[in-house]
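Colleague: Once you've had a glance at the structure underneath, I'll fire off some questions.
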Amino acid sequence: MQAEYQKRRQQLMSKLGNGTAIFRSAPMAVMHNDVEYNYRQDSDFFYLTGFNEPQAVAVLAPHHAEHQFVLFVQPKDREKEVWTGYRCGVGAAKELYGADEAYPITELDEKLPQYLEKADRIFYHLGRDRNFNDKVLKHYQSLLRTYPKRGTGPIAIEDTSPILGSMRLIKSKAELELMRQAAAIATEAHSLAQQVTAPGRYEYEIQAEIEHIFRLRGAMGPAYPSIVASGVNACVLHYIENDRQMQDEDLLLIDAGCAYGYYNSDITRTFPVGGKFTAEQKILYEIVLEAQKQAIAQVQPGNTFNSVHDTAVRVLTEGLVEVGILKGEVDKLIEEEKYKPYYMHRTSHWLGLDVHDVGVYQHGDNPQILQPGQILTVEPGLYIVPDTKLAEDQPATDPRWVGIGIRIEDDVLVTSTGHEVLTAGVPKEVDQVERR
Ligand code: GLY
Ligand code: MN
Ligand code: MN
């Protein structure tokens, strides 16, 4: 893997010109009082270094004579390591992570200027860590003040996100392997969940079955809080209480994925708790399934990112008109976004080191074009939310539809010839998700 990280740094450095890039590790996150969450490295930092400790800074200075890649890390400290775990330390940062030079993080202020004073720009993402933003700005201002003495130094700060975003958007072979594994583990978990769901069981029991598989198969854990939403709970997009007892005629919507080696999967399935759809559930389910299939068919190199969403919206709107939930001409209903009370989210997002991964969806007036190596979700849904405020020209919703929430989500790789559904192993056909 070290060769891969090095390749990424080289690729990034080829875009920095005479600039110096600074990356900050993620801060520790507090759960409560002095208890912290498991540490999760910042995705850009991890992408470029593979280094997974907090209190670190990576500097890339392509123009520097000796040190193009510098790491500032927590020094070895036997006493502290007894409490908070192993630290790589300064020496091993060079050996194991390929840094040309490494320093203790405590020396950052002293050592950083030498990597900036000949740069014409600082590449840095102004992030949520305000203290660290301040630190970078202070160095920048100080170098600006002394610029006349040298006639060199940074005169701009440029955000790193666009460069990292476009690099991370196209997955390498090694990344794809991790994505496949994340998808395979979540596929197994969802398939099991469908088998063990039954009336009388609680949503959290199914969550436990799923997350058991995640850890059992070596995933780091859930990629995001697992959504296990039965009945009307499925109409809450980010429902995570997962504490309701499931009933025979409920649908169960499960949106759960895992993180494996830092890479994420993101799957949603909806199926009948008691094994058989009601007539209304089946009608709406078939509309969503058709929307998802047609949207997935749009995932081909050369197509626009938006064509996936537009296709899903069209099929969903046609379906809503067919069953009488919407009234009017399909083109007009789409143009006026009359489907939005029932389909209020987008169909896709990029997927990778982040669940909602980096990379742009639109280039100003030009659309983002799908290219081999990109991975996106395709996740249309219909939510007949109770007490929805309807437009004046729309009919009152027949109560038989109300409270039904459905989403179907797969993770789709753009290939050179079309696409590959990485999560195709989770049942979604009607005769598969019906179990009696
Ligand atoms: N589970 C988050 C999403 O589907 O985007
Ligand atoms: Mn998603
Ligand atoms: Mn999801």
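The values are calculated or read from the model by the stated rules, or taken from the named source; none is laboratory data. Owing to the predicted nature of the structure, the values given are computational and were not obtained by experimental measurement. Cβ sites come from the backbone with ideal geometry, for glycine too, and all protein chains shown count toward neighbours. Surface areas here come from the heavy atoms of the whole protein model, side chains and all, with no ligands, DNA or RNA. Shrake-Rupley method; radii C 1.70, N 1.55, O 1.52, S 1.80 Å.
Colleague: Out of everything in the range 336-382 that is more than 16 Å from ligand 2 (Cβ to nearest atom) and of a type in the set (D, E, K, R), what residue ends up being surrounded by the fewest Cβ atoms within 10 Å (Cβ to Cβ)?
Modeller: 365
Colleague: Answer with yes or no whether residue 180 is open to solvent by 40 Å² or more (accessible area, probe 1.4 Å), outside any helix (DSSP H, G or I) and within 30 Å of residue 88 (Cβ to Cβ).
Modeller: no
Colleague: Next question. Looking at the range 69-84 only, could you name the residues that are of a type outside the set (Val, Ile, Thr) and under 28 Å from the mean Cα position of the chain (by Cα)?
Modeller: If the condition is that a residue be of a type outside the set (Val, Ile, Thr) and under 28 Å from the mean Cα position of the chain (by Cα), then 69, 71, 72 are the ones that fit.
Colleague: Between a first residue in the range 20-49 that is within 22 Å of residue 116 (Cβ to Cβ) and a second residue that is among the polar types (S, T, N, Q), which pairs have beta carbons less than 8 Å apart while being 6 or more apart in sequence or on different chains?
Modeller: Between residues of the range 20-49 that are within 22 Å of residue 116 (Cβ to Cβ) and residues that are among the polar types (S, T, N, Q), the close pairs are 21/160; 23/49; 23/160; 25/41; 25/55; 42/25; 44/160; 45/25.
Colleague: Hey, among the residues in the range 392-401 that are in a loop (DSSP other than H, G, I, E, B) and open to solvent by 40 Å² or more (accessible area, probe 1.4 Å), which one's nearest to residue 296 (Cα to Cα)?
Modeller: Ranking the qualifying residues of the range 392-401, first place goes to 398.
Colleague: Every residue in the range 300-312 that is open to solvent by 40 Å² or more (accessible area, probe 1.4 Å) and either within 15 Å of ligand 1 (Cβ to nearest atom) or assigned to a helix (DSSP H, G or I) (or both), please.
Modeller: 306, 310
Colleague: Taking the condition within 16 Å of ligand 3 (Cβ to nearest atom) and part of a helix (DSSP H, G or I), does residue 271 pass?
Modeller: Here the answer is no, as residue 271 does not meet what is asked.
Colleague: Which of (1) hydrophobic (A, V, I, L, M, F, W, C); (2) assigned to a loop (DSSP other than H, G, I, E, B); (3) within 15 Å of ligand 2 (Cβ to nearest atom) is the odd one out, the single condition residue 412 does not satisfy?
Modeller: Status for residue 412: all satisfied but (2).
Colleague: Condition test on residue 379, is it at pLDDT 95 or above and within 16 Å of ligand 3 (Cβ to nearest atom)? Can you show your working first?
Modeller: On the way: at pLDDT 95 or above: yes; within 16 Å of ligand 3 (Cβ to nearest atom): yes.
Here the answer is yes, as residue 379 does meet what is asked.
Colleague: Among the residues in the range 313-334, are any surrounded by 20 or more Cβ atoms within 10 Å (Cβ to Cβ), under 30 Å from residue 202 (Cα atoms) and in contact (Cβ under 8 Å) with a residue 60 or more places away in the chain?
Modeller: no
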